[in-house]
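Data first, discussion second: the structure below is written as structure tokens.
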Amino acid sequence: NEYLTYKTLTSQTRALETTKKMLLDRDETIRTYLTALRMKLKETTGIIDYQQNLHYIKLDDEISWLTNHKKTIPSAATLDDLVKISTRTEEKRPDFEFLSYQVLGTIFKGKQTSLRDKVKETIDNIETKINLLREARVDTTVMERWLLEAKQKISRSEEKQTQALNVLSGMKASEKDKQKTYNDAQATFEESNQYLKEAISNLKEIIREI
């Protein structure tokens, strides 16, 4: 009887420690991911300050929650205690996912906006150069056509970005298939990016002519 009791207690202790490690690792994985997102957000240009700061506040709140939650795990005395602790993390999972997708969308937007602003600046410079060439009676017909196409691509890129942001803004923390909503938005962001690439290609053709 003593031997069986000892074996049972040993098994319970081992199960308790194994579960604690699993829960600690899970919290740390989520915390590390959210921290990495925060760093990525910080280094991304083209994001409006208030939007960036709002994400910082939300990310910091969740990172703080996870840090404090981790501290409750080592003191758990039973597997039932750990189940309750684990449940709290599971209840927070939709919030973690929702915030992650929103921040990723903002990062996509920032990168595209930054690149698009540079392309627009290049378009303005090239247009000035074309006007000078036209005044000098150089045939600029082909260059003007490429320039017009580049401007149209920029407009389409902006439209696609707006569509992607609308998809993301329609996401709710409570919805079950947030991954699908995010994938739809990401696909539209990629279409926006493709238009930007095509605009840049048009501008390169003009630069070769000039």
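Miscellaneous remarks
- Cα gyration tensor shape for the chain, rounded if a/c is under 1.5, else prolate or oblate: prolate
- Counting charges near Lys70 (Lys, Arg +1; Asp, Glu -1) among other residues having Cβ under 14 Å from its Cβ returns a value of +3.
- Neighbours of Asn183 by Cβ distance under 11 Å: Lys/Arg scored +1, Asp/Glu scored -1, total -1.
- Excluding ligands, DNA and RNA, the accessible surface per residue across the chain is 62 Å² with a 1.4 Å probe.
- Top positive-direction residue, dipole computed over the chain with Cβ charges, set Ile123, Phe96, Leu82: Leu82
- In this structure, the pairs whose alpha-carbon distance is over 19 Å, taken from Lys20/Lys40; Lys151/Lys197; Lys70/Lys172, are Lys20/Lys40; Lys70/Lys172.
- Calculated [222 nm] ellipticity per residue, helices only, for the chain: -32000 deg cm²/dmol; basis is -39500 (n - 2.57) per DSSP H run with n ≥ 4, divided by all residues, nearest 500.
- Carbon plus sulfur fraction of accessible area for the chain, probe 1.4 Å, in percent: 53 percent
- For the chain, there are no membrane-span-like helices by this rule, meaning no whole DSSP H stretch whose C-alpha atoms cover at least 18 Å of axis and whose Kyte-Doolittle mean is 0.5 or above; this says nothing about an actual membrane.
- Top of Asn183, Asn53, Asn131 by mean-square fluctuation, Gaussian network on the chain, Cα under 10 Å: Asn131
The values are calculated or read from the model by the stated rules, or taken from the named source; none is laboratory data. The structure presented is a predicted model; accordingly, all values stated were derived computationally and were not measured. Virtual Cβ from ideal backbone geometry, glycine too; neighbours counted across all protein chains shown. All accessible areas refer to the heavy atoms of the entire protein, side chains included, with ligands and DNA or RNA removed. Shrake-Rupley method; radii C 1.70, N 1.55, O 1.52, S 1.80 Å.
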